[in-house]
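Asks: Could you have a look at this structure, given as structure tokens, before my questions?
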Amino acid sequence: MDSTNRLWYRDAIFYEIPVKSFYDSNNDGVGDFKGLTQKLDYLAWLGIDCVWLLPFYKSPMRDDGYDISDYYFIQPEYGTLDDFDEFVEQAHRRGIRVIADLVLNHVSDQHPWFQEARNPNSPKHDWFVWSDTDKKYSQARIIFVDTEKSNWTWDPIAKQYYWHRFYSHQPDLNYDNPEVREEMKNVVRFWLKRGLDGFRCDAVPFLFEREGTNCESLPETHAYFKELRSMVDKEFPGTILLAEANQWPTEAKAYFGNGNDEFHMAFNFPLMPRMFIALAKEDRTPIVDIIKQVIPIPENCDWGTFLRNHDELTLEMVTDEERDVMYHEYVKHPKMRLNLGIRRRLAPLIDDDQNTIRLLHALLFSLPGSPFLYYGDEIAMGDNIYLGDRNGVRTPMQWSPDRNAGFSKCDPEQLYTPVITNPIYHYESRNVETQSRLSSSLLNWLKEIIRVRKKYSDVLGRGEIRFIDHPNLKVFAFIRSYKGKSMLCVNNLSKKPVAVELDLREYVEWTPIEAQTSVPFPKIGRLPYFFTLSPHAFFWFKLTSPTGDTW
Ligand code: BGC
């Protein structure tokens, strides 16, 4: 691990893991830290630079660990603090960094803080947001619309309503209380001292409430994150804060602050759905328009780009028309919808079309931002829409054709949730062992494309982007360039083959060299450069000047 690379997150490939789903070392049916440690060599083989761990803190698990009942304790099925320390140490030995979820906005209603707070005379009462009516902050939207009718829930013991932006069993902490602000800094200190490399900060827009606003991304919220950043920079230099702020471009960008005083990274929520919309419409415009809105950002910051994650594919920050396009194209059964989104894994979402999966990854790895992969998507794992909530995309990792997909040796009925046995995605064929033996598999392809992305990580990771304008909207072409080096990326967003002519005159006499295979293509001349692309195909070219170059 290169500790001198202060901007390591701008070059990194991230991989998201729920501890319970990855590997079960003690055969109790639930994944654990010891199991994760055993699978680090796999992550290193794939080329992963940083793991993002979903919440592993003590929890009644009514929101898969996002409902924390003790921030300083590990969920017992996942192991012990020693197991956690060993995991972080072994990851670092392999050059892999580790960031973890930090749930700041709310706790479980089982947390002793909330239990105590229910007594209006207790010192903890003010740690939460109470009201005698359920009418305050009426402009705040409801996020889990399928389950919650209000952001207020009556507590019969306190005889008041308490505020919650998510499930009613997740009361929001009151960030107007200085003790809360300080305590959450202590949580951050506790885990960073144990060697974590940073945090994915959950639900950041919602920390404060103010009457007459939508209670999202308020100035007070930014001010708190600035306080947190300054503490982290002072006490744990080199560690990062990543924002989960599902917001429109301007509000999402605001989380970078001045580049040095708030978040290092933020998820590119604006881009994610628009990649799928562009595919559905066979039109590059949604991607081009949104990227123009999310760049530039400060030099020390980066977007975290992603295709899928552990939640539903969220459609909160798209227009009604865009949402209709998404539902029409990608929802084949009512159970595939959840809240304002689609609860599907990547492969089933696009009918397991291998060319489309590869094209989407090519976009992920060549557009500005650091890519985040979701466990299992590298083998095109399937999902189970009949499991409740978002559980259908959180099934056990498929390692081999053995019992329980090689995830656990427990009795199958003991698994925390069933493995995928649907004939298309059955674990007997769709697993790491089988795919690693097949040179043409998605897994081996992904490993290779990660290698190529890393080889060109300066240009593809840090370079500027310039779109090439031409009339065929099905073709999305752009140039990434960094310190005199340029790469040309050409993508066919259509289900059909395309022919396209690109104006590349500024590179007359240069040679495009295909980046994966190093095959030289004909030199660029004064006439438009002609490409044909098969359905959903893409090319990455390194552009080599007439004088030749050494990169
Ligand atoms: C997480 C969800 C979780 C919610 C409440 C989200 O942003 O990604 O999985 O349910 O926060 O904590």
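Computed from the coordinates by the stated procedures, all read-outs in this text should not be read as laboratory data. None of the values given here were measured: they were computed from a predicted structure. When we count neighbours, we look across all protein chains shown, and the Cβ atoms used for this are built from the backbone with ideal geometry, even at glycine.
Asks: What distance in nm lies between label points placed 7 Å from Cα along the C-beta direction at L7 and E251?
Replies: Output for this residue pair reads 2.9 nm.
Asks: Quick one: work out Rg over Rh on the C-alpha atoms of the range 396-438, Rh as Kirkwood radius.
Replies: 0.96
Asks: Once the convex hull of the C-alpha atoms of the range 254-343 is built, how many Å³ does it hold per residue, rounded to a whole number?
Replies: Hull volume over Cα atoms, normalised by residue count, gives 99 Å³.
Asks: Moving to a separate point now. List the trypsin sites (Lys or Arg not before Pro) within the range 233-286 that DSSP assigns to loop and that have no more than 15 neighbouring Cβ atoms inside 10 Å.
Replies: none
Asks: While we're looking at this one, here's another question. Rounded to whole Hz and in sequence order, give me ³J(HN,Hα) for the range 143-160 from the Karplus expression 6.51 cos²θ - 1.76 cosθ + 1.60, θ = phi - 60°, writing x for Gly and Pro.
Replies: 8, 8, 5, 6, 10, 9, 9, 8, 8, 10, 10, 6, 10, x, 7, 6, 6, 8
Asks: Let me spell out the model: positive unit charges on the Cβ of Lys and Arg, negative unit charges on the Cβ of Asp and Glu, origin at the Cα centre of the chain. What dipole size does that give, in debye rounded to 20?
Replies: Charge dipole, the chain, about its Cα centre: 1620 debye, nearest 20.
Asks: With unit charges on the beta carbons (Lys and Arg positive, Asp and Glu negative) and the dipole taken about the Cα centre of the chain, which residue among L192, W163, I287 sits farthest to the positive side?
Replies: Result: I287.
Asks: While we're on this one: If you count, for each residue, the other Cβ atoms within 10 Å and average over each peptide, how do 134-144, 219-229, 9-19 line up from highest to lowest?
Replies: The densest-packed peptide leads the list: 9-19, 219-229, 134-144.
Asks: Test of understanding: ordering V452, V459, V393 by Cβ neighbours within 10 Å, fewest first, what list do you get? Don't skip to the answer; put the middle values down first.
Replies: On the way: V452 18, V459 25, V393 29.
Least to most surrounded, the residues fall as V452, V459, V393.
Asks: What would the Debye formula give as log10 I(q)/I(0) at q = 0.11, 0.13, 0.18, 0.24 Å⁻¹ for the alpha-carbon point model of the range 467-551, no solvent?
Replies: -0.28, -0.39, -0.75, -1.29
Asks: Report the extension gain between N119 and N444 in nm, rounded to one decimal, defined as 0.36 nm multiplied by the number of residues separating them, less their alpha carbon distance.
Replies: Working it through step by step, the gained length comes to 111.3 nm.
Asks: Then there's this: How many angstrom lie between the C-alpha centres of the range 160-177 and the range 431-500?
Replies: Using only Cα atoms to place each centre, the spacing works out to 44 Å.
Asks: Now for a separate question. What 222 nm value per residue comes from the helices of the chain, counting each DSSP H run with n ≥ 4 as -39,500 (n - 2.57) and dividing by all residues, nearest 500 deg cm²/dmol?
Replies: -7500 deg cm²/dmol
Asks: Would you please state the base-10 log of I(q)/I(0) at q = 0.11, 0.19 1/Å for the range 131-243, with intensities from the Debye formula using one equal scatterer on every alpha carbon?
Replies: The calculated log intensity ratios at q = 0.11, 0.19 Å⁻¹ are -0.42, -1.04.
Asks: Turning to a different aspect of this structure: So, with +1 on the Cβ of K and R and -1 on the Cβ of D and E, and no other charges, what is the size of the charge dipole of the range 349-445 about its Cα centre, to the nearest 20 debye? Walk me through the intermediate numbers first.
Replies: Details: 7 positive and 12 negative charges, 43 e Å.
Magnitude of the dipole: close to 200 debye.
Asks: If R₀ is 25 angstrom, what is the calculated FRET efficiency for the pair K159 and S230, using the beta carbon separation as r and rounding to 0.05?
Replies: The formula returns an efficiency of 0.05 here.
Asks: Quick check: pseudo-label points 7 Å beyond the Cα along Cα→Cβ at H426 and E321, how many nm apart are they?
Replies: 4.5 nm
Asks: Taking every DSSP beta bridge that has both residues in the range 1-124, what percent is antiparallel when rounded to the nearest 5?
Replies: Bridges in the range 1-124 are about 20 percent antiparallel.
Asks: A further question on this structure: In the range 87-141, if the dipole is taken from +1 on Lys/Arg beta carbons and -1 on Asp/Glu beta carbons about the Cα centre, which of H111, F128, A140 is farthest to the positive end?
Replies: About the Cα centre, the residue reaching furthest to the positive side is A140.
Asks: Using DSSP to define loop residues, name the trypsin sites (Lys or Arg not before Pro) in the range 289-351 whose beta-carbon has at most 15 other beta-carbon atoms within 10 Å.
Replies: Values: sites: K292, R308, R323, K332, K335, R337, R343, R344, R345; in loops: R308, K332, R343, R344, R345.
Taking the range 289-351 and a limit of 15 other Cβ atoms within 10 Å, the loop trypsin sites (Lys or Arg not before Pro) found are K332.
Asks: Ok, one more. So if R0 is 60 Å, what FRET efficiency would L387 and E506 give, r being the distance between their Cβ atoms, rounded to the nearest 0.05?
Replies: With a Förster radius of 60 Å, E is 0.70.
Asks: Provide the convex hull volume over Cα atoms per residue for the range 324-443, in Å³. Don't skip to the answer; put the middle values down first.
Replies: Working: hull volume 15.1 nm³, N = 120.
Given the Cα convex hull of the range 324-443, per-residue volume reads 126 Å³.
Asks: For an R0 of 30 angstrom, estimate the FRET efficiency from the Cβ-Cβ distance between K523 and A499 and round to the nearest 0.05. Intermediate values should be presented prior to the final figure.
Replies: Values: r = 19 Å, r/R0 = 0.65.
After rounding to 0.05, the efficiency reads 0.95.
Asks: So, one more: Among all the lysines, which ones have a C-alpha under 27 Å from K135's C-alpha, if same-chain residues fewer than 8 places away are not counted?
Replies: Partners found: K124, K149, K159.
Asks: Here's another thing I want to ask about it. Between I295 and D132, what is 0.36 nm times their sequence separation minus the Cα-Cα distance? Round to one decimal in nm.
Replies: 54.3 nm is the gain from fully extending I295 to D132.
Asks: Quick check on the range 19-65: what does the Kirkwood estimate of hydrodynamic radius come out to from the alpha carbon pairs, in Å?
Replies: Taking every pair of different Cα atoms in the range 19-65, averaging 1/r and inverting gives 11.6 Å.
Asks: P(r) for the range 1-148: what percent of alpha-carbon pairs falls in each 5 Å bin, starting at zero?
Replies: 2, 8, 14, 17, 15, 13, 10, 9, 7, 4, 1, 0
Asks: What distance in nm lies between label points placed 7 Å from Cα along the C-beta direction at D82 and D41?
Replies: Taking the two extended label points, one gets 2.4 nm.
Asks: For the range 495-551, state which GluC sites (Glu not before Pro) are in a DSSP loop and have at most 12 other beta carbons lying within 10 Å of their beta carbon. If you can, show how the numbers build up before the last one.
Replies: Numbers: sites: E501, E506, E509, E514; in loops: E509.
When the GluC sites (Glu not before Pro) of the range 495-551 are filtered for loop state and at most 12 Cβ neighbours within 10 Å, E509 remain.
Asks: How many Å³ per residue does the convex hull of the Cα positions in the chain occupy?
Replies: Enclosed volume per residue, from the Cα hull, is 148 Å³.
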